[in-house]
Amino acid sequence: MKLIKDNVYYCGVADFGRRIFDQLIPLPNGTTYNSYYIEGSQKRALIDTSYSKTIKEFLDKLNGKGEFIDYVIANHAEGDHSEALVKVLQMNPNAKVVTNKKCSELLVDQYGIPQEKFHIVNEGDEISLGNKTLRFHLTPWVHWPDTMFTHLVEDNILFTCDYLGAHITYEHGNIFAEETQEYLLSAKRYYAEIMMPFRPHCKKYLEKVRQINPSIICPSHGGIYKNPDFILDAYQEWTCDTPKNKVVIPYVSMYQNTERMVDRLVEKLREENVEVHKFDLISDDIGDLAVELVDAATVVFGASMVLAMPHPYAFFGVYLTNALRPNVKFMSIIGSYGWGGNLVGKIEENTNLLQVEKLDYITFKGRAKEEDIERVDALAHTIAKKHKEIGAR
Ligand code: FEO
């Protein structure tokens, strides 16, 4: 355990080798499963537990304190923070699980924890550890419906669960967030995958955190913030309603016909002073794609047809973008087909969550002809014009 402040300890585990999260987004820097132990004058509390693969290391970190827990605070039911809960309860038969109703239901579903084990809290409820008070704030949808924050009142430490986290580990063992570009990029990648689909809630709880005005923020992944503004200012930027003058192009191209048109669009957008990022869905890191979608104003999907369908990897890019629900305002499709098929329709029906104005969709048989190239040039000009109209940053 590592001391954070006056009998408040970090007992999380760093998973240096983990390379993918949710079997979806690559983790170049691993991740941590953060847990916190608080020793009050009368009671002891554990905030969240750990992941199944790190239970032994987690219990070792508790350094003998694991058998003297009065309350386990479950800020969220997902397995990376609660798979060790059953073991902790076995070690502490009299301990109560303190959580909200929704989280208790999920914990019952997942782990069969008996109903009588729970102490259910609502917004603003408190429990006393003697000289320390835990106050609970219900904050659903960052990112599950059960999420809550726990405020350690006397020490003014806020435990925000997944919210404000980052997938990063430090080989040198630092538990505090280092205020570097590397950290911010890890936090942005994390935000893009986990929080961006819930951007309005992220924005709302940002105000709540600022009202609480904690001196330290302890999230469930990544470093502890001794300077909360470091991460709060980043979230302010990422949840901004006005996107940047930026285009993101996820694409797949089998015989370079689509890719040549993607490259033409990139060239013309740059001439129009529009920032543009293209991602080959076969070989590029989709975590980087997610990061660039955070503040892009336009997404253009590029696809080849195969077997009379848009290429499956194109579908993956479209499906992922739709699920992440970025704040994009405009959308287009560029694609080449060999002999037929419904490229546009199949892509479009998987973009139902994007609240976008649809721009020109440019499909062509085989290699693009002069008139197709002219349409791509016009699309670049239209995008630049549209971005100006919405005041893109
Ligand atoms: Fe880190 Fe939603 O669990």
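Any read-out appearing in this document is the output of simple, stated calculations on the displayed coordinates, not a laboratory observation. Note that the structure is a prediction, hence the values are computed from the model and not measured. Neighbour counts run over all protein chains shown; Cβ positions are idealised from the backbone, glycine included.
Quarter the surface of the alpha carbon convex hull of the range 328-393 and you get the mean projected area, 4.9 square nanometres.
Per the Debye calculation on the range 220-348 with a single equal scatterer at every Cα and no solvent contribution, log₁₀ I(q)/I(0) for q = 0.17 Å⁻¹ amounts to -0.87. Quote the FRET efficiency, to the nearest 0.05, computed for Asp60 versus Asp6 with a Förster distance R0 of 35 Å and r equal to the Cβ-Cβ distance. That pair, Asp60 with Asp6, gives E of 0.90. Charges on Cβ only, +1 for Lys and Arg, -1 for Asp and Glu, centred on the Cα centroid of the chain; of Asn322, Asn352, Tyr51, which one is farthest towards the dipole's positive end? Toward the positive end, the furthest listed residue is Asn352.
Taking amide H as placed 1.01 Å from N in the peptide plane, Lys278 has its amide H under 5 Å from the amide H of Ile249, each at least 5 places away in sequence or on another chain. Taking the charge dipole of the range 92-202 about its Cα centre, with +1 at Lys and Arg Cβ atoms and -1 at Asp and Glu Cβ atoms, the residue from Thr180, Asn100, Val142 reaching farthest to the positive side is Asn100. Based on Cα contacts under 8 Å between residues 6+ apart, the chain shows a relative contact order of 11 percent. Each peptide in 37-44, 213-220, 87-94 gets a packing score, the mean of other Cβ atoms within 10 Å over its residues, and the list from highest to lowest is 213-220, 37-44, 87-94.
The trypsin sites (Lys or Arg not before Pro) of the range 209-299 that meet both conditions, a loop assignment by DSSP and at most 16 other Cβ atoms within 10 Å of the site Cβ, are Lys226. In the chain, the C-alpha radius of gyration followed by the widest Cα-Cα span (Dmax) gives 23.8, 79 angstrom.
Placing unit charges on the Cβ atoms of the charged side chains and taking the dipole of the range 245-297 about its Cα centre, the candidate lying farthest along the positive direction among Met261, Asn245, Ser283 is Met261. Rounded to the nearest 500, the 222 nm mean residue ellipticity of the chain from helices alone is -9500 deg cm²/dmol, with -39,500 (n - 2.57) taken per DSSP H run of at least 4 residues. Relative contact order of the range 65-125: 36 percent, from C-alpha pairs under 8 Å at least 6 residues apart in sequence.
Oblate is the label for the range 80-150. Its Cα gyration tensor axes, ordered a ≥ b ≥ c, give a/c of at least 1.5 and b/c at or above a/b. Rounded to the nearest 5, the antiparallel percentage of DSSP beta bridges internal to the chain is 45%. Basic side chains Lys and Arg get +1 at the Cβ, acidic Asp and Glu get -1 at the Cβ, and with that the dipole of the range 225-265 about its Cα centre reaches some 200 debye. Overall, the anisotropy analysis places the range 296-346 in the prolate class: the square-rooted eigenvalues a ≥ b ≥ c of its C-alpha gyration tensor yield a/c not less than 1.5, with a/b exceeding b/c. Computed on the range 80-206, with alpha-carbon pairs under 8 angstrom and 6+ residues apart, the relative contact order is 16 percent.
Treat each spin label as a single point 7 Å out from the Cα along the C-beta direction, and report the Lys53 to Asp284 distance in nm. Distance between the two pseudo-spin positions: 2.8 nm.
For Ile224, the amide hydrogen comes within under 5 Å of the amide hydrogens of Phe176, Ala177, counting only partners 5 or more places away or on other chains and with H modelled in the peptide plane.
The alpha carbon centroids of the range 152-227 and the range 65-132 are separated by 22 Å. Per residue, the convex hull spanned by the Cα atoms of the range 166-298 amounts to 123 cubic angstrom. Applying Stokes-Einstein at 37 °C and 0.692 mPa s to the Kirkwood radius of the range 1-142, computed over alpha-carbon pairs, gives a translational diffusion coefficient of 211 µm² s⁻¹.
Rounded to the nearest whole Hz, the Karplus-based 3J(HN,Hα) values (6.51 cos²θ - 1.76 cosθ + 1.60, θ = phi - 60°) of the range 82-96 follow the sequence 9, 5, 8, 4, 4, 5, 4, 5, 4, 6, 10, x, 9, 6, 9, with x at glycine and proline.
Given the range 39-109, report the % of alpha carbon pairs whose separation exceeds 21 Å. The calculated P(r) of the range 39-109 puts 17 percent of pairs beyond 21 Å. Charges were assigned to the Cβ only: +1 to each Lys and Arg, -1 to each Asp and Glu. The resulting dipole of the range 64-183 about its Cα centre is roughly 480 debye. What FRET efficiency, computed as 1/(1 + (r/R0)^6) with R0 = 51 Å and r the Cβ-Cβ distance, is obtained for Glu389 and Glu67, rounded to the nearest 0.05? It comes out at approximately 0.20. Charging the Cβ of each Asp and Glu at -1 and of each Lys and Arg at +1, and nothing else, the dipole of the chain about its Cα centre rounds to 300 debye.
Per 10 Å bin, what is the whole-percent P(r) computed from every C-alpha pair distance within the range 229-295? Bins of 10 Å from zero give 19, 41, 29, 10, 2 percent of pairs.
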